[in-house]
1. Are there any helices (runs of 4 or more DSSP H) wholly within the range 116-185 with 2 or more residues that are of a type outside the set (D, E, K, R) and in contact with a Gly (Cβ under 6 Å, 6 or more places away or on another chain), and if so which?
2. Only one of LEU109, LEU123, LEU87 is under 15 Å from the mean Cα position of the chain (by Cα) and modelled with pLDDT under 95; which?
3. Take GLY301 and tell me if it is part of a helix (DSSP H, G or I) and not assigned by TED's automatic domain parsing to the domain that holds SER133.
4. (1) in the same structural domain as GLY240 (by TED's automatic domain parsing); (2) more than 19 Å from ILE203 (Cβ to Cβ); (3) out of contact with any Leu (no Cβ under 9 Å at 6 or more places or on another chain): which one isn't true of PRO120, the others all being true?
5. Looking only at residues that are of a type in the set (Asp, Glu) and part of a loop (DSSP other than H, G, I, E, B) in the range 210-255, which one is modelled with the lowest pLDDT?
Amino acid sequence: MSPVTLDALGWSEHFASQLEVDAILMTPPARISDVHRARVEAKTVDGDVELDLPMEIRSGDLAVGDWVLSDPVESRVVAALERRNVLRRRTVASGHRHQLIAANVDALLIVSSCNDDFNPARLERYLALAISSEIEPVLVLTKADMAEDANTYRHRAENLLPNLKVIVVNARDGASLAQLSPWVGLGRTAALVGSSGVGKSTIMNGLTGIESATQGIRESDSKGRHTTTARSLRLTHAGGWLIDTPGMRSLTMSENAEGIDVIFADLIDLAASCKFSDCKHQTEPGCAIRGAIKKGELDEGRLLRWLKLQEENQGNTETPDEVRGRARASRPPKSPPSAKRR
Ligand SMILES: Nc1nc2c(ncn2[C@@H]2O[C@H](COP(=O)(O)OP(=O)(O)O)[C@@H](O)[C@H]2O)c(=O)[nH]1
Ligand SMILES: [Mg+2]
Ligand SMILES: [Zn+2]
């Protein structure tokens, strides 16, 4: 195996600044590639390792892409380093709990196809997630080879957000996929999201050479579906890292206000001219947004999508009071029973 450097694994000053010089040798940094129930797989400059978790770290607290310090003798995680960013989504379980999807990601490759899958409302959700997570969004439109006019999709995509990067590809063609190289080059990490069937596995295969089940294979398998169940970090031909995110088919807005505000910044500007400061943009007189719709300057669909995302996000985001209340409720008793040793 060719020698790997920390930089090639995605290391940066952000992580280096968190440790003493000695720590790099004593407790070698490792980047998590797979999270299992009680252990993780990780990449180090000396190769792939399997690490157990100490009692104070639960596997649910770690994400693919996270950096940890390891004890190479005990094959154990010693500490998790502070991440640059994290993709997480609200789980169906009650309460305001989140599931970690991936950490320390440079680009979110939002995949859709040049066909009926193209859905502005869904794409705006992924964009809001990327922006709120401080991750660069890149819109990847697949199946250009099957579309009558792929450029219409490109234009519609570019209209979702000023300066949005839109890459139109045939995911089955390696030369076409090479357009994605800037986001999966040496030391960089990208994550794939999108609905089922849009070509995520095909992109993964094309960029990494690692075969993961595509729908074509699934259909010919009478035994059942090969689903990509685990998220994992895979090395790309370009020298970077790619993470598939099978759990992200649907996406509920939660703590995504920042992203929603960026995507609908033009509507926020317009709303500042509404006659009433608490205008709901429904039937109020002097509503600047309704005025723009009437003049044909604004698509009503966009207003409705904005209002829906805002409402959903507010309903799923804890207020500061709720956060404090939950912290109080989960505080341990004064003298906790001593922790059991294994
Ligand atoms: N012609 C063509 N087929 C594609 C393209 N991208 C994906 N496919 C096909 O679409 C099907 C679904 O792709 P898959 O990668 O499994 O989608 P996933 O569910 O997002 O992982 C497979 O049969 C792929 O071969 C593309 O750009 N062009
Ligand atoms: Mg797939
Ligand atoms: Zn208004």
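1. 120-132, 174-177
2. Result: LEU87 is the single residue among LEU109, LEU123, LEU87 that is under 15 Å from the mean Cα position of the chain (by Cα) and modelled with pLDDT under 95.
3. yes
4. Evaluating PRO120 over (1) in the same structural domain as GLY240 (by TED's automatic domain parsing); (2) more than 19 Å from ILE203 (Cβ to Cβ); (3) out of contact with any Leu (no Cβ under 9 Å at 6 or more places or on another chain) leaves (3) as the failure.
5. Applying the filter and picking the extreme gives ASP221.
Okay, residues lined up against (1) in a helix (DSSP H, G or I); (2) closer than 25 Å to ARG97 by Cα; (3) within 14 Å of ligand 3 (Cβ to nearest atom):
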| residue | (1), (2), (3) |
| --- | --- |
| GLY286 | no, no, yes |
| ILE289 | yes, no, yes |
| GLY296 | no, no, no |
| LEU309 | yes, yes, no |
| THR317 | no, yes, no |
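Condition check ((1) modelled with pLDDT of 95 or more; (2) more than 18 Å from ARG122 (Cα to Cα); (3) within 16 Å of ligand 2 (Cβ to nearest atom); (4) surrounded by 12 or more Cβ atoms within 10 Å (Cβ to Cβ)) across all residues:
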site: ALA257; (1), (2), (3), (4): no, no, no, yes
site: ARG290; (1), (2), (3), (4): yes, yes, no, yes
site: LYS295; (1), (2), (3), (4): yes, yes, no, no
site: LEU303; (1), (2), (3), (4): yes, no, no, yes
site: LEU309; (1), (2), (3), (4): no, no, no, yes
site: ASN313; (1), (2), (3), (4): no, no, no, yes
site: ASN316; (1), (2), (3), (4): no, no, no, yes
site: ALA339; (1), (2), (3), (4): no, yes, no, no
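The values are calculated or read from the model by the stated rules, or taken from the named source; none is laboratory data. Model, not experiment: these values are computed from the prediction. With ideal geometry, Cβ positions are generated from the backbone for all residues, glycine too; neighbour counts draw on all protein chains shown.
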